[in-house]
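Each remark here refers to the structure printed beneath this line.
Read-outs: derived from the displayed coordinates by stated rules, not from any lab. From a predicted model like this one, the values you see are computed outputs, not experimental measurements. Counting neighbours? That spans all protein chains shown, and the Cβs are built from the backbone with ideal geometry, glycine included.
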Amino acid sequence: MSGIVLFQLYWLYYNFSNAQKSFHITAVRALEKSIDQYQSQQVELPTSLNYRSPSLTVFMRTKPSVQAFDLDTPKRKKVFKAEFNTVAIDKQHEPYVRALIARLMIQQMHKPLDLKTLTGVYKKELAKDGIVMPVILALRKKPLSISPDEVASVIAFYKSPVVVTAKLNSSGWMLRHNLLPAIVSFALILLSAGSLWYMGVIIRRQLKLDRLKNDFISNITHELRTPLTILRSTNEAIARFNVATDPEKLARYTGINADIINKLDGHVERIMDISMIDRDLNTKETQAVDLNTLLENLFRHFQAIENNQITLNFRGPKQLVNTDPYKLETILSNLLDNALKYAGPEASIFLEAVIGHRSWQLIVSDTGVGISAEDLPYIFDRFFRVNNGDLHDVKGYGLGLSQVKSMVEALNGNIKANSKIGRGTTFIITFPL
Ligand code: ADP
């Protein structure tokens, strides 16, 4: 991911600096061209340059000779030979010749530069290359050297050359012209980083499922092996001793076996439940239920098996709620069962119902060992069990809470769990009224 991000950033930077370089080159070339143009507008060029086949006639001084003309120069009379030579200028070289002659002439004449006109010419020249922006031109006498990031050109006026510098606000223009690639590349960065992140999430989820599956298998093997060992030994006992003569022993052994077989049957049923629950979810038989009575019945049932660890509490008006009583009982039994199993013998357990205006809630809480913040998000996952080292201390397959959640959702409700290690756990189920 870092590789992709770094490469994209490098690519963006590379593109940006390249664009900056080419902008600079274009701006300098346009300045030189406009100076040439400006200068050719300022002087009158030889008319022969405008002929259909342009030419220049060069006046050449050569060595003095007998047939020489007599020509006066301002200081002294000197005799030399003169020749006139007409040079044809081909189309290809014409602009250069014009520019050169204009430049030389203007330098000789020392005609001052009109920056305003030059700015106009420069702007037009830039526009030809698609650059439209405010331009400020200035003249500088010293230093004559031009730094690499400067847009400037030297005009070699005879004896007092000057530098024409141009100030262009390129950053805004550059940003506008590079914005689209930057946005696309940024979107690509987000897309690839997002995909990789999502892949990571899926892989982690798969790894977790794998671990849960292994835990489940080791759990179930353990649960099945213990009764099988007992069955084997009672069976061996029946075979080895002459139990037929001892009907009391026989009755005891067959009693044990029947118990074990029942237990095994229970295990198989619980495993069957996993698939049953999903099928059952769609068949919901709702009816008007008196919550108070339902909770009291449940409370009494639990009190019969446990000594007074559970406290029942009911708030809100006496009101019937529309729900599936069997599902509700299963949900609450599961939660109370868990509280009894995991909270510890010292803990108090509370079963509470609250009826509000728009919703009603069932709250099962305990003051037991609690669940760590690390495990809490997963307790409703199928096969998840808190790994506390002594995994098989309390029996279970990690299915209870996932079933509870499915059933609550089948009744259009939601379930939340709050817990703190050492403080206890609270399950809050909310149903719409
Ligand atoms: P099982 O009871 O079969 O292991 P559950 O889905 O019912 O599966 O519970 C998942 C895990 O949540 C349990 O292994 C247990 O560690 C933890 N747990 C559930 N209820 C409580 C509770 N009231 N207090 C502490 N831990 C709990």
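Observations, loosely collected:
- FRET efficiency for Arg176 and His301, using Cβ-Cβ distance with R0 set to 60 Å, rounded to 0.05: 0.20
- Gain in span if fully extended, Gln92 to Met272, counting 0.36 nm per residue against the direct Cα distance: 55.3 nm
- Summarising the label geometry, the points placed 7 Å from Cα in the beta-carbon direction at Ser348 and Lys141 lie 9.9 nm from one another.
- Förster-model FRET efficiency, 35 Å R0, Leu45 and Ile25, C-beta, rounded to 0.05: 0.75
- Estimated FRET transfer efficiency when R0 is 45 angstrom, pair Ile183-Val154 (beta carbons, to 0.05): 0.65
- Ranked by how many other Cβ atoms sit within 10 Å of their own Cβ, fewest first, the residues Phe384, Phe59, Phe157, Phe186 fall in the order Phe59, Phe186, Phe157, Phe384.
- Sorting the segments 1-10, 128-137 by their mean number of nearby beta carbons within 10 angstrom, highest to lowest, gives 128-137, 1-10.
- Contact order normalised by residue count of the chain, Cα under 8 Å, 6+ apart, percent: 10
- Sequence-separation-based contact order of the stretch 294-355, relative, with Cα cut under 8 Å and 6+ spacing, percent: 51
- Counting neighbouring beta carbons within 10 Å and listing from fewest to most, the residues Leu115, Leu228 come out as Leu228, Leu115.
- Taking amide hydrogens as placed 1.01 Å from N in the peptide plane, the amide H of Val289 sits under 5 Å from those of Val321, Asn322, Thr323, each at least 5 positions away in sequence or on another chain.
- Taking GluC sites (Glu not before Pro) in DSSP loop conformation with at most 10 other Cβ atoms inside 10 Å as exposed sites, the chain has its longest uninterrupted site-free stretch at 45-284.
- Exposure proxy order (Cβ contacts within 10 Å, fewest to most) of Trp197, Trp360: Trp197, Trp360
- Potential lengthening of the chain between Trp197 and Arg423 amounts to 77.8 nm, from the contour at 0.36 nm per residue minus the alpha-carbon distance.
- Extension gain for the segment Ser2 to Ser233, taken as residue separation times 0.36 nm less the Cα-Cα distance, is 76.9 nm to one decimal.
- Whether the chain is rounded, prolate or oblate, judged on the alpha carbon gyration tensor where a/c under 1.5 counts as rounded: prolate
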